[in-house]
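Asker: Mind having a look at this structure? Questions to follow.
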Amino acid sequence: MLTERLWTMLLMMALAPGVSGSGIYKWTDAQGNIHYGERPPAGGNAQSVKVDKAPLSPDEAEMELEKLSIKAGLEPDDDDDDDDDDDDDERTPTRQEDDKQARAEEAQQRERNCEIARDNLERLERYRRVISQDEDGNAVRLDDDGRAARMEQARQHIAEFCD
């Protein structure tokens with residue numbers, strides 16, 4: 001879910017090692033490799049690197065999450081548990097509508113799959129010569145074993161998708 005991703009991202013930012021008063025340093029070693037660290041190397045010449053923004057505190061992260069959620073058109077998530085077994089009464093009206101629409105779309109898809117499976121079985125039973133496509137898209141004639149396997153597959157789909 002998008003809000004979980006935002007929350008995770010903000011939480012990681014909030015819990016990242018803080019930029020303390022010691023700062024961040026950049027230096028180049030004898031082999032020409034560039035290094036960054038919270039402490040300059042002993043006896044080395046390091047440059048202090050300016051950091052634009054310190055990580056967010058947990059409270060700031062939560063506020064930022066709410067702002068981003070509102071900006072993205074999402075409802076802020078008030079509960080801290082990740083249980084998906086909420087009752088419909090506790091869901092927001094938008095979430096209830098989305099769930100209802102998703103169930104309706106799933107039911108329509110099941111009906112289409114059922115019709116296709118029944119149509120396939122009817123054609124396989126009616127016609128002995130069945131032309132199909134192989135993996136490469138070439139037309140091939142199914143032998144009796146291939147036709148029987150397809151009929152069994154159609155029956156399984158009927159059992160799965162038809163009520």
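The values are calculated or read from the model by the stated rules, or taken from the named source; none is laboratory data. All figures in this text were calculated on a predicted structure; none of them were measured in a lab. Note: areas computed on protein heavy atoms with side chains; ligands, DNA, RNA excluded. Shrake-Rupley method; radii C 1.70, N 1.55, O 1.52, S 1.80 Å.
Asker: I'm checking a number: the convex hull volume of the Cα atoms of segment 94-163, normalised per residue, in Å³. What is it?
Answerer: Values: hull volume 7.0 nm³, N = 70.
With only Cα atoms used, segment 94-163 gives 100 Å³ per residue.
Asker: Probe 1.4 Å, all protein chains in place: accessible area of Val49 in Å², nearest 10?
Answerer: 50
Asker: Got a sec? What order do Met63, Met151 fall in by accessible area at 1.4 Å, biggest, i.e. largest, first? Don't skip to the end; give the middle numbers.
Answerer: Details: Met63 115, Met151 30 Å².
From most accessible down to least: Met63, Met151.
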